[in-house]
1. Would you please give the residues with an amide H less than 5 Å from that of B:Gly308, counting only those at least 5 places away or on a separate chain, with H modeled from the backbone geometry?
2. How long, wide and thick is region A:31-72, going by the Cα atoms along their three principal axes, in whole angstroms, largest first?
3. Could the peptides B:250-261, B:155-166, A:113-124 be put in order, highest first, of the mean number of other beta-carbon atoms found within 10 Å of their residues?
4. Could you pull the copy-to-copy label distances for B:Thr151, with points set 7 Å along Cα to Cβ, in nm to one decimal and sorted shortest first?
5. Tell me the distances, shortest first, between B:Pro136 and the same position across the other copies, using label points 7 Å along Cα→Cβ, in nm to one decimal.
6. Let me know the shape class of region B:254-331, please: from the alpha-carbon gyration tensor, a ≥ b ≥ c as square roots of the eigenvalues, rounded when a/c is under 1.5, otherwise prolate if a/b is greater than b/c, or oblate.
7. About the Cα centre, and with charges only on the beta carbon of Lys, Arg (+1) and Asp, Glu (-1), how big is the dipole of region B:27-168? Nearest 20 debye, please.
8. Interface B/A, total buried accessible area with a 1.4 Å probe, nearest 100 Å²?
Number of protein chains: 2
Amino acid sequence: MLLRCLAVASLCLSATFVEAAVPVLVIHGGAGVIKSEMTPDKEKQVRADLEAALKAGNDVLKSGGSSLDAVTKAILVLEDSPQFNAGRGAVFTHEGKNELDSAIMDGATLRAGAIAGVHRVKNPVLLARAVMEKSPHVFLVGDGAEAFAKTVGIELVEPKYFRTEQRWQQLQEALKAERKQQASALGRMIHYGTVGAVALDQAGHLAAATSTGGMTNKRWNRVGDSPVIGAGTYANTRCAVSATGWGEYYIRAVAAHDICARVEYANKPIAQAAKDVVMDVVPKLGGDGGVIALDSDGNFATPFNTDGMYRGWIDRDGKMHVAILGDEGRP
Amino acid sequence: MLLRCLAVASLCLSATFVEAAVPVLVIHGGAGVIKSEMTPDKEKQVRADLEAALKAGNDVLKSGGSSLDAVTKAILVLEDSPQFNAGRGAVFTHEGKNELDSAIMDGATLRAGAIAGVHRVKNPVLLARAVMEKSPHVFLVGDGAEAFAKTVGIELVEPKYFRTEQRWQQLQEALKAERKQQASALGRMIHYGTVGAVALDQAGHLAAATSTGGMTNKRWNRVGDSPVIGAGTYANTRCAVSATGWGEYYIRAVAAHDICARVEYANKPIAQAAKDVVMDVVPKLGGDGGVIALDSDGNFATPFNTDGMYRGWIDRDGKMHVAILGDEGRP
């Protein structure tokens with residue numbers, strides 16, 4: 001918590017001295033981890049990218065930057081990696097396109113920006129942030145969101161930039177399974193890839209951001225939970241959450257806001273609130289996935305009910321941690 | 001509340017007898033009422049349409065139908081009227097199109113459906129409901145949502161169906177004000193037109209639905225709060241809410257879910273919870289508007305902080321009430 005230097009002014013270094021909060025950063029790269037498909041090479045690359053994302057965000061926080069900048073920088077690294085279902089590594093829609101969604105929220109002011117269904121925006125999180133900071137709106141979709149992107153100088157790329165062989169093959173397998181009317185063997189990978197970050201900065205302010213390619217073989221311009229403020233992304237003065245799960249269930253549960261409401265109105269610790277929603281509310285509806293959740297005292301949790309969730313954190317001790325499977329690391 | 005006939009079985013008419021809840025229906029036609037613009041003729045038409053919507057929903061409830069069917073039927077009447085900013089009477093976008101959004105939620109099961117940015121769907125609430133009942137998704141937007149509409153036989157109309165002279169003139173005035181860089185005199189009408197309904201049926205189940213044309217002169221495929229589950233539309237087993245306000249602020253406040261979270265976790269009466277969000281949380285962010293909110297005991301509230309809000313209700317006494325300005329009727 002922020003402790004202003006008022007009562008014992010003689011101990012202050014200056015009139016504006018503020019005792020800084022110890023910053024915390026937590027990230028995820030999606031809960032769509034399938035244990036049997038994790039090769040040593042893939043694991044090595046994923047861990048390196050998660051560490052790079054943590055470093056990028058932490059550099060901002062250590063130098064006194066905002067949680068908003070920290071989550072943005074961390075997400076940029078994950079969007080630029082082909083390993084995660086967001087930005088460069090986004091999955092393919094039924095029609096063989098990449099359709100990107102993102103949201104960002106500033107806990108201190110409750111400002112938010114979200115975009116869905118863009119095809120040419122290199123870094124969707126930058127467009128979500130531009131919607132928040134440079135438009136009168138919160139939520140833009142499709143061609144309109146791309147038209148807005150052009151007016152504010154957001155980098156656009158050719159659609160082929162998002163074409164990775166692994167994702168293309170996943171679509172082919174999903175289409176094949178669909179033709180055979182089989183439940184896809186890629187079930188988890190289909191629903192749960194996403195990247196996200198939550199941060200607490202030295203000023204004691206929280207922020208959250210999420211970015212995703214949605215689900216493989218999605219159609220009809222389906223929007224998942226990531227860009228829905230309150231479902232996949234939410235932050236206020238006490239609590240910040242980014243989710244990665246079967247989006248439809250996270251929307252119906254208003255999962256991110258529900259976690260923060262349990263903290264605020266029911267006085268639940270953040271870990272209990274996050275666990276209740278991820279391990280009880282969402283599964284009872286039929287969905288699964290995970291979240292990263294952080295409170296304004298720097299307490300955080302990373303619950304999930306899938307094989308694993310790509311995740312990492314820099315705790316108040318300043319040390320970097322990365323984990324993939326369920327039995328690895330804390331919290 | 002539902003009282004199952006178990007303890008005094010001898011008084012039951014049959015083994016499956018259930019004491020029915022007294023149904024309640026509350027509707028709104030938007031908080032964009034400007035007192036000085038209310039002519040006697042417009043007022044008469046609005047009141048007649050609100051009464052017709054109440055009757056349509058109440059016919060369902062009285063005959064033992066579901067709250068889901070009741071809110072659907074009530075919204076259909078309001079969408080078909082040119083008086084409200086939804087369906088037929090939708091406002092125009094910057095480009096001179098009508099772009100429709102809607103959502104519906106079933107409190108008993110937390111199932112939900114939402115659509116945004118469709119141009120040819122005669123009754124957006126029917127498409128939202130079809131997304132809920134006939135797709136694996138919750139939220140579809142734009143051309144994809146219309147493509148889905150075709151697969152399930154939802155009625156499409158030519159875009160000219162939505163052209164009403166009043167709305168076209170409102171766009172011209174908004175464009176003129178924009179060119180002069182003036183705050184538009186139509187400020188309220190620009191932001192707050194929407195229709196919504198919440199209902200409690202004899203089985204004790206709640207539902208909520210909202211439908212809107214969004215804001216006059218909107219651009220970039222802007223999505224407001226109406227189709228965002230948790231923001232403009234939400235229902236669970238204890239609480240149902242439909243909002244009509246400056247959508248951006250209702251999204252940032254996750255207004256509908258926040259009202260229900262205050263009821264569930266802070267044990268606030270529904271009227272207090274709705275008032276706190278509408279009269280305090282949203283205005284502090286800079287927005288305004290109103291909501292209709294109903295709990296599972298049949299208590300309800302219709303707070304708003306604009307000149308007026310088109311609204312109506314059929315209370316537990318079975319009587320029909322319609323109101324427009326702030327000082328008229330209860331609650």
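The values are calculated or read from the model by the stated rules, or taken from the named source; none is laboratory data. Note that the structure is a prediction, hence the values are computed from the model and not measured. When we count neighbours, we look across all protein chains shown, and the Cβ atoms used for this are built from the backbone with ideal geometry, even at glycine. What goes into the accessible areas is simple: the full protein's heavy atoms, side chains included, and nothing from ligands, DNA or RNA. Shrake-Rupley method; radii C 1.70, N 1.55, O 1.52, S 1.80 Å.
1. Here the answer is B:Val33, since their amide H atoms fall under 5 Å of that of B:Gly308.
2. The Cα atoms of region A:31-72 stretch 41, 17, 10 Å along the principal axes, largest first.
3. Details: B:250-261: 29.9, B:155-166: 13.3, A:113-124: 25.8.
The most tightly packed comes first, giving B:250-261, A:113-124, B:155-166.
4. Once sorted, the set of distances for B:Thr151 reads 3.3 nm.
5. Inter-copy label distances (nm, one decimal, shortest first): 4.0.
6. On the way: a/c = 2.70, a/b = 1.17, b/c = 2.32.
Because a/c hits 1.5 or more and a/b fails to exceed b/c, region B:254-331 counts as oblate.
7. On the way: 18 positive and 19 negative charges, 26 e Å.
The calculation lands at about 120 debye.
8. Numbers: alone 13850 and 13830 Å², together 24320 Å².
By this definition, chains B and A bury close to 3400 Å².
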